[in-house]
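Colleague: Here it is, the structure, as structure tokens.
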Amino acid sequence: MDKWTRRTVKYMAGLFAVILVYAAVYDYGMTAFDGRPRTFLEALQVVVETFTTTGFGSDAQWESWQMQALIIVMDLTGVFLIFLALPTLVFPLFEEALSTAAPTSVDRVGHVVIAGYTPRGRALIRELDARDIPYVVVEPDRDRAADIYETDTTVVHGDPESVEVYGDRVNLGDARALVADVDDATNASIALTATQVCDTPVITFVEEPSQKEYHSLAGASEAFSPRQLVGESLATKVTSGVTSDLDDAIEIGDGFDVVELPVESGSELDGVSVAESGIRERTGANIVGAWFRGEFVSPPSPDAVVDEQTILLVAGQEEQLEGLKRLTRSEQRRRRRGHVVVAGLGIVGTTVERAIEDSDLGLPQVTVDRDPAKDADVTGDVTDAHVLREAGVGAAGTVILSLPNDTVTVFATLVVRELNPEIEIVARAESQESVRKLYRAGADYVLSLGTVSGRMLASTILDEEVITFDQQVELIRTGPGDLTGRTLGEADVRRKTGCTVVAVERDGALVSDLGPDFRLQRGDELVVAGTDDDIVTFSALVGDE
């Protein structure tokens, strides 16, 4: 029973009770004070006539003051009840009639059911739309479901823990998968409910990694914990910056790796163009692409200037990449490297703290959180300059912003950059839309939780072989599809999709020296790099395998 129905039932019950009481009082008053006895039914008729303002009939002109006073009170009560009904019942009824209501059922086949509407769910919807895969969101709140519906998102209003919803309203039995993205307890309940209905795969998200086991027991096919992965990845960016090792390199095969290398202020590459850097000639590594203030370009223009806010995506043999890493590092920053400030001790922040402790590099840490219960070294608002000074941001080498609110993270980035222009800022973003904003605010490296989650889902639901989840650029393995028999020059992948074919696996061997005349054959496995959106475009270009 919805809110309006409950309100109507209560109002009508109260109205009938008031009418019956007045009818009894009127019946008694006509006998006791006016000397004109009436039956209870006649008394009830007079009360109804009074409340509805349709007249009093033959009973008008009462003789006693008591009855006259009663009629006055009845008149006022009737008017009050009418005015009470307008905002309570009538106006909401008109609003509901004029508003756009979300449907309560849909007819879909081969679709993805999404319980919960979050940034990672929206990222998945974008991927599904690009591949023309149908979906439906299940939202329990009527008003929020209507708001979602008005954004042209397929949504049904219903309880995501209801057997009826999955059995009758969203046709879960014919769906590709169910994604549960509410909270840990609700997601487990959704998995239990869904497995009652059918054997469609259920994918759940887990905030607390320790809860994964219970989601599996509830029937989840996969239980993802992206926050933990993001925390480990952010910690790796810090520890790899201290050593010359390529800890965060992605191994493609045969000693051939792909890695993201941030350019440090004061390094040999800072302030020179791509052409002037001579990276290929000096190291042998290939530049696949580069992030310039949050915008990925592949390949970068020879005239593009590399600076401290550039992140190079490069491929090559391990010794080649190690040589390039030395060019991206600043001797000045290494000499003055201080402690690490970890701001925000949620799942991501505590994972970062633990990973740095386990790295055996002896990096000192100072933790900051506004919640006294988190037992941080400094308690306070990370956007407060006094709190950041207390944490030693002015002398720190790196600050990791692992905050749950992107707006707060952007503001904190501005404050940190103002306090220490030379500090390395590594930030976690909740949604992909905030990444570029954080780079503009001064962050050196940003990883989006929504991006990581979206790749996890794509690898499971869409059978996409994602090589890595926790990099800014997505790397996948895929067959040549519709590009079979064409050369890379003829395929023109970079211009058409923005992606780069990094390497090709053929007959068990990895081919990394690819020219425009390299012809793709059936059975090849292409290693492709690009942004998430570009990978979607590339998938459409090659077609279904």
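Laboratory data are not the source of any read-out in this text; all were calculated from the coordinates shown. Predicted model only: the values in this text are computed from it and were never measured. Because the Cβ atoms are built from the backbone with ideal geometry, glycine has one as well, and the counts that use them run over all protein chains shown.
Colleague: Sequence-distant or interchain residues sharing an amide H contact under 5 Å with residue 339, placed H: which?
Modeller: Here 397 satisfy the definition.
Colleague: For an R0 of 30 angstrom, estimate the FRET efficiency from the Cβ-Cβ distance between residue 152 and residue 198 and round to the nearest 0.05.
Modeller: Values: r = 28 Å, r/R0 = 0.94.
Calculated value: 0.60.
Colleague: Check residue 424: other-chain or 5+ apart residues with amide H under 5 Å from its amide H, H built from backbone geometry?
Modeller: 398, 399
Colleague: Now a separate question. Where in the stretch 285-316 does the label zone of residue 486 land, with the point 7 angstrom along Cα→C-beta and an amide N cut-off under 20 Å?
Modeller: Only 298-299 fall inside the zone, counting backbone N under 20 Å.
Colleague: Expressed as a rounded percentage, what relative contact order does the stretch 407-536 have, with Cα pairs under 8 Å and six or more residues apart? Kindly include the intermediate steps, with their values, before the conclusion.
Modeller: Numbers: 208 pairs, mean separation 26.2, N = 130.
Here the relative contact order equals 20 percent.
Colleague: Here is a further query. Given Cα pairs under 8 Å that are at least 6 residues apart, what percent is the relative contact order of the stretch 289-396?
Modeller: Numbers: 113 pairs, mean separation 19.7, N = 108.
The normalised contact order for the stretch 289-396 reaches 18 percent.
Colleague: Scan the stretch 131-229 for GluC sites (Glu not before Pro) in coil per DSSP, keeping those whose Cβ has at most 16 other Cβ atoms within 10 Å, and list them by number.
Modeller: Numbers: sites: 150, 161, 164, 207, 213, 222; in loops: 150, 161, 207.
Passing sites in the stretch 131-229 are 150, 207.
Colleague: Between residue 163 and residue 318, what is the label-to-label distance in nm when each label sits 7 Å out along the Cα-to-Cβ direction?
Modeller: According to this spin-label approximation, the distance is 5.6 nm.
Colleague: I would also like to ask the following. If you plug each phi of the stretch 345-354 into the Karplus form 6.51 cos²θ - 1.76 cosθ + 1.60 with θ = phi - 60°, what whole-Hz ³J(HN,Hα) values come out, in order, with x for Gly and Pro?
Modeller: After applying 6.51 cos²θ - 1.76 cosθ + 1.60, I find 10, x, 4, 5, x, 5, 5, 4, 4, 5 Hz.
Colleague: Could I ask something else about it? How would you classify the stretch 335-450 from its alpha-carbon gyration tensor, with a ≥ b ≥ c the square roots of the eigenvalues: rounded for a/c under 1.5, else prolate if a/b is greater than b/c, otherwise oblate?
Modeller: Working: a/c = 1.28, a/b = 1.18, b/c = 1.08.
The shape class here is rounded.
Colleague: Going 7 Å from the Cα of residue 297 toward and past its Cβ, which residues in the stretch 270-290 have a backbone nitrogen under 11 Å from where you end up?
Modeller: Of the residues in the stretch 270-290, 273-275, 290 have backbone N under 11 Å from the label point off residue 297.
Colleague: In what sequence do 526, 419, 124 fall when counting other Cβ within 10 Å, fewest first? Walk me through the numbers before you get to the answer.
Modeller: Working: 526 24, 419 15, 124 27.
Listing 526, 419, 124 from fewest to most nearby Cβ atoms yields 419, 526, 124.
Colleague: State the extension gain, in nm to one decimal, for the chain segment bounded by residue 40 and residue 126, taking 0.36 nm per residue of separation less the distance between their alpha-carbons.
Modeller: Values: separation 86, 0.36 × 86 = 30.96 nm, distance 6.72 nm.
Full extension from residue 40 to residue 126 adds 24.2 nm.
Colleague: Would you mind checking the tilt of helix 449-461 against the longest principal axis of the Cα atoms of the chain, expressed as 0 to 90 degrees and rounded to 10?
Modeller: 90
Colleague: What number, rounded to the nearest 500 deg cm²/dmol, is the helix-based mean residue ellipticity at 222 nm of the chain, given -39500 (n - 2.57) per DSSP H run of at least four residues and division by all its residues?
Modeller: Working: 21 runs with 225 residues, N = 545.
Mean residue ellipticity at 222 nm (helix-derived): -12500 deg cm²/dmol.
Colleague: Which whole-number percent gives the relative contact order of the stretch 128-204, counting Cα pairs below 8 Å spaced six or more residues apart?
Modeller: Working: 95 pairs, mean separation 19.2, N = 77.
Relative contact order comes out at 25 percent.
Colleague: How are the Cα pair distances of the stretch 245-328 distributed, in percent, across 10 Å bins from 0?
Modeller: Spelled out per bin, shortest first, that is 20, 57, 22, 1.
Colleague: Still on this structure: Using θ = phi - 60° and the Karplus curve 6.51 cos²θ - 1.76 cosθ + 1.60, what whole-Hz ³J(HN,Hα) does each residue of the stretch 370-376 get, with Gly and Pro shown as x?
Modeller: The phi angles translate into 7, 8, x, 5, 6, 6, 6 Hz.
Colleague: I've got another one for you. What nm distance separates the two modelled labels at residue 76 and residue 326, each placed 7 Å from Cα along Cα→Cβ?
Modeller: Result for the modelled spin labels: 9.5 nm.
Colleague: Right, another one. Just order 223-230, 7-14, 39-46 by mean Cβ neighbour count inside 10 Å, highest at the front, would you? Don't skip to the end; give the middle numbers.
Modeller: Values: 223-230: 23.1, 7-14: 12.6, 39-46: 15.8.
Top to bottom by mean Cβ count within 10 Å: 223-230, 39-46, 7-14.
Colleague: Taking amide H positions as placed 1.01 Å from N in the peptide plane, with prolines and chain starts having none, which residues 5 or more places from residue 135, or on another chain, fall under 5 Å of its amide H?
Modeller: Those lying under 5 Å, H to H, from residue 135 are 112.
Colleague: Sticking with this structure for a sec: If we count other beta carbons within 10 Å of each Cβ, what is the order of 210, 189, fewest first?
Modeller: 210, 189
Colleague: Now for a separate question. Using the count of nearby Cβ atoms within 10 Å as a rough guide to exposure, how do 237, 437 rank from fewest to most? Please list the in-between numbers first.
Modeller: On the way: 237 21, 437 17.
By the 10 Å Cβ count, ascending: 437, 237.
Colleague: About its Cα centre, what dipole magnitude does the chain give when the only charges are +1 on Lys and Arg Cβ and -1 on Asp and Glu Cβ, stated in debye to the nearest 20?
Modeller: With only Lys, Arg, Asp and Glu charged at Cβ, the dipole is about 980 debye.
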